[in-house]
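J.: Structure provided below as structure tokens; questions to follow.
The values are calculated or read from the model by the stated rules, or taken from the named source; none is laboratory data. Computed from a predicted structure; not experimentally measured. Here Cβ is always computed from backbone atoms with ideal geometry, including for glycine, and neighbour counts include all displayed protein chains.
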Amino acid sequence: MRVLLFWIMASIALLGCSDLNDPNDAIIAKSHMGFNSKTVTVNGLQFRYVEKGSGELMLFLHGFPYFSESWYKLLHGFGDQYHSVAPDNRGYGYTEKPTEIADYRLEVLVSDVISLISKLSPEKPVILVGHDWGAGLAWATAQTRPELIKKLIIINGVPPNAFLKVLDRSLLQRERSDYIGKLDGWLAKLMFAIKGPDMIWQGVSRLHESGDVDDNFKQAFLEAWEQPDAAQSAINWYTANFPEFDNIQDKDYWPSKDARVTVPSLLIWSKDDPAFTQDAFEIIPEYVDDLTIKVIDTSSHVPFLDHFEEVFSYMSDFINK
């Protein structure tokens, strides 16, 4: 566990290389994974997304340290039935990267999701899928704009207001999350300066070693993290939304401490996910009215990549019921 947190802390340091591709060129980069790659303007920023299929929108939101094409297995899996779309989130990959920390507050990030849904599916509610940070956005979108969502699917993620409550009272979850306060420290910046995006890759390289992702995925991953300011933008997500743990009670929870999810929701949870404690898992039903839970016996944080068949089956059953 400590090794994983070490890699997370070390890999997300400041990236400021001026000799990389021009950001305007990077945004229109082609997909390495066989998808259509497009851009759309949302909240004044140019977002890059990949897509497959047509029809009802199925929108996938990634977490750290991933990017749009990390969803490639599920995009291919559902692309024959749905308009499957995965954006690079604000500040990630080939999407634009504002520099102010306030531009990464949860309410701003959720407004990106709302605007994406409004642009890509203006007439019909969508199937919204989220993992990790993307799960936080998906939960919060459902709390604030339930009419936009037909069904919600979460993979290893906790509603942000619930997670803050857990951090306020669980010493074990604080230990699991102690890397958050170190992300913008000198050690992470130093280690990233020495080895660059390869440091971030170390945190997920086991997927490549086990054959769960291929060389095309590795190339796409590294190029996404080579984009100017990608690492600092990812840091800003944490800085903008997590106070010091001892000050959580004073934080202005958004949208509120008691905000609930009312749309039909599926939670796919890794039994031994290294990022979350049992406390975090057990609190989720307190915030969701209509919740189906499927637990996978794994320590993987990304079962949609290394337990794909199981995840795909759970998702398909939930969507079709």
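J.: Just the residues that are basic (K, R) and closer than 18 Å to K38 by Cα, please, taken from region 101-124.
T.: Start the filter on region 101-124 by keeping residues that are basic (K, R), which leaves 105, 119, 124.
Residue satisfying the conditions is K119 alone.
J.: I'm checking my understanding of the structure. Among residues of region 295-321 that are part of a loop (DSSP other than H, G, I, E, B) and among the hydroxyl-bearing types (S, T, Y), which one is farthest from Q81 (Cα to Cα)?
T.: Filtering region 295-321 for residues part of a loop (DSSP other than H, G, I, E, B) gives 297-302, 307, 321.
From what's left, among the hydroxyl-bearing types (S, T, Y): 298-300.
Numbers: T298: 29, S299: 30, S300: 27 Å.
It comes out as S299.
J.: Could you grab me the full set of residues in region 27-68 that are polar (S, T, N, Q), modelled with pLDDT of 95 or more and assigned to a loop (DSSP other than H, G, I, E, B)?
T.: Correct list: N43, S54.
J.: Pick out the one residue from V295, V302, V288 that is buried (at least 21 other Cβ atoms within 10 Å of the Cβ), modelled with pLDDT of 95 or more, of a type in the set (A, V, I, L, M, F, W, C) and more than 18 Å from W133 (Cβ to Cβ). Don't jump to the end; show me each part of the working.
T.: Numbers: V295 fails: buried (at least 21 other Cβ atoms within 10 Å of the Cβ); V302 fails: more than 18 Å from W133 (Cβ to Cβ).
Result: V288 is the single residue among V295, V302, V288 that is buried (at least 21 other Cβ atoms within 10 Å of the Cβ), modelled with pLDDT of 95 or more, of a type in the set (A, V, I, L, M, F, W, C) and more than 18 Å from W133 (Cβ to Cβ).
J.: Among the candidates L148, L171, which residue alone is surrounded by fewer than 22 Cβ atoms within 10 Å (Cβ to Cβ), aliphatic (A, V, I, L, M) and either under 20 Å from the mean Cα position of the chain (by Cα) or over 28 Å from D246 (Cβ atoms) (or both)?
T.: Details: L171 fails: either under 20 Å from the mean Cα position of the chain (by Cα) or over 28 Å from D246 (Cβ atoms) (or both).
L148 is the lone residue from the list that is surrounded by fewer than 22 Cβ atoms within 10 Å (Cβ to Cβ), aliphatic (A, V, I, L, M) and either under 20 Å from the mean Cα position of the chain (by Cα) or over 28 Å from D246 (Cβ atoms) (or both).
J.: If D80 meets every condition in (1) buried (at least 20 other Cβ atoms within 10 Å of the Cβ); (2) under 23 Å from S313 (Cβ atoms); (3) of a type outside the set (A, V, I, L, M) apart from one, which number is that one?
T.: Exception for D80: condition (1).
J.: For region 84-99, which residues satisfy the criterion of being among the polar types (S, T, N, Q) and either in contact with a strand residue (DSSP E or B) (Cβ under 6 Å, 6 or more places away or on another chain) or without any contact (Cβ under 8 Å) to a residue 40 or more places away in the chain (or both)? So that I can check it myself, show each step before the final result.
T.: From region 84-99, those among the polar types (S, T, N, Q) are 84, 89, 95, 99; that's our starting set.
S84, T95, listed by residue number.
J.: Among the residues that make up region 100-118, is at least one of them among the basic types (K, R), within 21 Å of L45 (Cα to Cα) and modelled with pLDDT of 95 or more?
T.: Start the filter on region 100-118 by keeping residues that are among the basic types (K, R), which leaves 105.
From what is left, the residues that are within 21 Å of L45 (Cα to Cα) are 105.
Remaining after also requiring modelled with pLDDT of 95 or more: 105.
Taking every residue of region 100-118 in turn, at least one turns out to be among the basic types (K, R), within 21 Å of L45 (Cα to Cα) and modelled with pLDDT of 95 or more.
J.: Let me ask something else about it. Can you give me the number of residues within region 113-126 that are under 16 Å from the mean Cα position of the chain (by Cα), more than 15 Å from P160 (Cβ to Cβ) and surrounded by 21 or more Cβ atoms within 10 Å (Cβ to Cβ)?
T.: Of the residues in region 113-126, 1 are under 16 Å from the mean Cα position of the chain (by Cα), more than 15 Å from P160 (Cβ to Cβ) and surrounded by 21 or more Cβ atoms within 10 Å (Cβ to Cβ).
J.: For the condition β-branched (V, I, T), surrounded by 23 or more Cβ atoms within 10 Å (Cβ to Cβ) and part of a helix (DSSP H, G or I), what is the one hit in T95, T141? Outline the logic, then answer.
T.: Values: T95 fails: part of a helix (DSSP H, G or I).
The match here is T141.
J.: Of the residues D246, D214, D317, which is over 25 Å from K73 (Cβ atoms) and either hydrophobic (A, V, I, L, M, F, W, C) or surrounded by fewer than 19 Cβ atoms within 10 Å (Cβ to Cβ) (or both)? Talk me through it step by step, then tell me what you get.
T.: On the way: D214 fails: over 25 Å from K73 (Cβ atoms); D317 fails: over 25 Å from K73 (Cβ atoms).
Unique residue meeting the criteria: D246.
J.: Another question, if that's okay. Anything in region 206-250 that is within 15 Å of F67 (Cα to Cα) and without any contact (Cβ under 8 Å) to a residue 40 or more places away in the chain? List them, or say none.
T.: K218, L222
J.: Within region 10-23, does at least one residue satisfy the condition of being at pLDDT below 95 and within 17 Å of the chain's Cα centre (by Cα)? Talk me through it step by step, then tell me what you get.
T.: Step one: list which residues in region 10-23 are at pLDDT below 95, which gives 10-23.
Those left that are additionally within 17 Å of the chain's Cα centre (by Cα): 11-12.
The answer is yes, given that some residue of region 10-23 is at pLDDT below 95 and within 17 Å of the chain's Cα centre (by Cα).
J.: Spot the failing condition for S265; the list is (1) at pLDDT below 95; (2) within 14 Å of A162 (Cβ to Cβ); (3) hydroxyl-bearing (S, T, Y); (4) buried (at least 21 other Cβ atoms within 10 Å of the Cβ), and only one is missed.
T.: (1)
J.: With the structure loaded, tell me whether A259 is of a type in the set (G, A, S) and either closer than 19 Å to G63 by Cα or free of Cβ contacts under 8 Å to residues at least 12 places away in the same chain (or both) or whether it fails that test. Let's see the steps before the verdict.
T.: On the way: of a type in the set (G, A, S): yes; either closer than 19 Å to G63 by Cα or free of Cβ contacts under 8 Å to residues at least 12 places away in the same chain (or both): no.
It is false that A259 is of a type in the set (G, A, S) and either closer than 19 Å to G63 by Cα or free of Cβ contacts under 8 Å to residues at least 12 places away in the same chain (or both).
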